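Student: If you scroll down you'll find the structure; I have some questions about it.
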Amino acid sequence: MFRSHIVVVDLGFGDAGKGATVDWLCSAEAGLGVSAVVRFNGGAQAAHNVIADGRQHTFAQFGSGTFAGVPTLLSRHVLVEPIALAGEARQLAALGVPDPLALLYIDGRALLTTPIHIAANRAREDARGSSRHGSCGRGIGETASYALDHDALTVSDCLRPKVLRDKLQVLAAHYGPLIAPSEHRYEPIDTLVEMYREFAAAVRIVGGEQLARFARRGRLVFEGAQGVLLDEWRGFHPHTTWSTVEPRNAHAMLSEIGATGDVLGVTRTYMTRHGAGPLPTEDPALDFPEPHNTTGRYQGDFRLGHLDPILLRYAIAVSGGIDALALTHLDTPGTRYATTGYATPNGVIDHLPPGTWQDLTHQQHLTDLLSTAHPILTEIPDDVVPWLAQTLDIPVVLTSNGPTRTHRTLTTTTAAA
């Protein structure tokens with residue numbers, strides 16, 4: 001089924017089931033011989049829910065193959081938040097994972113997210129009031145934007161206390177005017193330096209050669225965070241993440257070691273979105289249980305909509321194409337609907353042009369279009385799996401009829417079925 005390494009991407013706005021998919025790919029049931037889960041974007045704002053062997057955890061920085069005993073490599077493209085990571089390690093240990101930090105490898109070039117970034121993120125989002133972008137409030141945007149014009153903190157700095165202290169002081173001075181008037185505070189610099197020294201002593205900080213080492217031992221699974229429709233360049237501005245969600249970074253890392261990967265796109269049988277931004281098929285009448293997706297102070301409400309092949313095709317196009325689909329939430333009750341087009345002031349449209357990479361004007365145009373579009377819905381046949389394979393012209397290789405690992409099933413439903 002999978003010829004090589006596997007790149008897992010969410011084709012929506014997040015929460016499609018990437019974590020559960022990665023957990024299954026890493027499991028003994030799948031038998032794929034996975035040597036490592038490689039995180040290729042995002043940071044501590046990830047929330048990948050996995051239920052397996054009677055355990056439930058929302059994975060943030062650890063890879064979703066942890067329950068299966070598969071190591072995690074946080075690549076240079078990940079934003080690492082050590083304090084949250086230590087907390088997640090304690091949660092995993094309480095769930096019976098032996099020495100979780102022993103399963104963790106961190107590229108020293110990865111940017112470091114600090115409580116200063118988090119306080120600045122929350123102060124900025126609070127100041128936006130009703131015009132909030134839908135941030136998770138985890139400092140992701142501030143970490144990435146600060147690094148564009150400054151000598152930013154990296155994980156390897158945790159091994160150099162003087163460099164670490166100097167960079168923290170410059171960072172605090174930069175964000176002081178934004179944070180000071182707000183309610184948000186952070187630990188003293190001396191406390192942060194000591195915490196990061198302890199962090200550096202407790203984890204493996206590695207170089208770029210670690211990826212090739214893992215590849216020599218077996219198959220790699222690249223686990224994406226968020227969804228392609230939130231991509232920093234391909235999503236619908238300003239409601240995007242400061243992260244390259246589409247699989248470009250994963251492909252680049254594979255190319256560096258002379259390898260290739262199959263891209264597995266993940267989607268639900270309906271659309272979801274956390275917080276602000278366009279969701280053309282949104283329907284308040286949809287009321288599916290979401291025990292792990294609640295309203296967040298900064299993200300806002302968890303929203304539901306009907307399946308949207310137009311948005312899925314757009315996500316596939318800007319991802320450079322995908323090789324196969326994983327379809328989740330097949331157990332959701334009721335009649336399913338999908339959009340065949342959008343009614344707009346300029347007529348009916350049934351596709352979204354991808355535009356040029358980094359063309360933010362085009363992305364803003366799409367935001368405006370989707371914010372006023374009215375979906376034209378059609379009922380989906382009961383046998384949704386072959387219908388989706390034909391609609392998107394992509395084979396469905398994995399399905400999910402429930403929340404646990406045992407609910408996942410291999411399938412060979414091709415686009416020509």
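Student: Can you give the angle from 0 to 90° between the axis of helix 161-179 and the longest principal axis of the chain, with both taken from C-alpha atoms, to the nearest 10?
Tutor: So the helix axis and the longest Cα principal axis differ by about 60 degrees.
Student: Let me ask another. Could you go through the stretch 347-353 in sequence order and give the Karplus-derived ³J(HN,Hα) for each residue, using 6.51 cos²θ - 1.76 cosθ + 1.60 with θ = phi - 60°, rounded to whole Hz, and x for Gly and Pro?
Tutor: Calculated HN-Hα couplings, in order: x, 8, 10, 10, 7, 10, x Hz.
Student: Among DSSP beta bridges lying fully in the chain, give the percent that are antiparallel, nearest 5.
Tutor: Taking every DSSP beta bridge within the chain, about 40 percent pair in antiparallel fashion.
Student: Can you give me the P(r) profile for the stretch 284-417? Cα pairs, bins 5 angstrom wide beginning at 0, each as a whole percent.
Tutor: Histogramming the stretch 284-417 at 5 Å steps yields 2, 8, 15, 18, 20, 19, 13, 5, 1, 0 percent.
Student: Need one number: nm distance between label points at Leu410 and Ser255, each 7 Å from Cα along Cα→Cβ, rounded to one decimal.
Tutor: Once both label points are built, they end up 3.2 nm from each other.
Student: Using only Cα atoms and rounding to the nearest 10 degrees, what angle (0 to 90) does helix 189-202 make with the longest principal axis of the chain?
Tutor: The angle comes out near 70 degrees.
Student: For the stretch 51-126, which semi-axes, largest first and in whole Å, follow from the square roots of 5 times the eigenvalues of its Cα gyration tensor?
Tutor: 25, 15, 10
Student: Could you list which residues have their amide H under 5 Å from that of Thr154, counting only those 5 or more apart in sequence or on another chain, with H placed in the peptide plane?
Tutor: Residues meeting the criterion, in which the H sits 1.01 Å from N, are Leu112.
Student: Still on this model: Grab the other residues whose beta carbon is less than 12 angstrom from that of Val97, score K and R as +1, D and E as -1, and report the net.
Tutor: Values: positive: Arg55, Arg90; negative: Asp53, Glu88, Asp99.
Spelling it out: positives minus negatives among the neighbours equals -1.
Student: Another question, if that's okay. Tell me the label-point distance for the pair Arg160, Glu194, using the 7 Å Cα-to-Cβ offset, in nm and rounded to one decimal.
Tutor: Label-label distance for Arg160 and Glu194, simple model: 2.4 nm.
Student: Which entry in (1) 71, 53, 39; (2) 62, 48, 39; (3) 61, 55, 53 matches Cα extents along the principal axes in Å derived from the coordinates of this structure?
Tutor: (2)
Student: In addition: Can you tell me the 0 to 90 degree angle between the C-alpha axis of helix 140-149 and the longest principal axis of the chain, rounded to 10?
Tutor: Tilt relative to the chain: about 60 degrees.
Student: Could I ask something else about it? Would you work out the charge dipole size for the stretch 189-271 about its Cα centre, treating the Cβ of every Lys and Arg as +1 and the Cβ of every Asp and Glu as -1, and quote it to the nearest 20 debye?
Tutor: The calculation lands at about 380 debye.
Student: Net charge around Thr191, counting only other residues with Cβ within less than 13 Å of its Cβ (Lys, Arg = +1; Asp, Glu = -1)?
Tutor: In short, -1.
Student: Full-extension gain between Trp357 and Asp383, please, as 0.36 nm times their residue separation minus the C-alpha to C-alpha distance.
Tutor: 5.7 nm
Student: Restricting to DSSP H runs of at least four residues, report the calculated mean residue ellipticity at 222 nm for the chain, -39500 (n - 2.57) per run over all residues, nearest 500 deg cm²/dmol.
Tutor: Taking each H run of at least 4 residues, the total per residue is -9500 deg cm²/dmol.
Student: Still on this structure: If packing is taken as the mean number of other Cβ atoms within 10 Å per residue, what is the order of 223-234, 86-97, highest first? Intermediate results must be reported in sequence, preceding the final value.
Tutor: Numbers: 223-234: 26.7, 86-97: 15.8.
Per-residue mean Cβ counts within 10 Å order the peptides as 223-234, 86-97.
Student: Moving to a separate point now. With the crude spin-label approximation of a point 7 Å out along Cα→Cβ, what separation in nm comes out for Arg185 versus Arg217?
Tutor: Those two pseudo-labels are separated by 4.4 nm.
Student: Cα convex hull of the stretch 111-206: how many Å³ per residue?
Tutor: So the per-residue Cα hull volume is 103 Å³.
Student: Now a separate question. Counting only other residues whose beta carbon sits under 14 Å from that of Ile179, what net charge do I get with K and R as +1, D and E as -1?
Tutor: Around Ile179, the charge tally is -2.
Student: What is the set of long-range amide H partners of Thr411 at a cut-off below 5 Å, with H atoms built 1.01 Å from backbone N?
Tutor: Leu398, Thr399
Quick note: the coordinates plus some simple rules give every number you see, no bench work behind them. In this text, all values refer to a predicted model and were calculated from it rather than measured experimentally. No Cβ is skipped: glycine too gets one built from the backbone with ideal geometry, and neighbour counts run over all protein chains shown.
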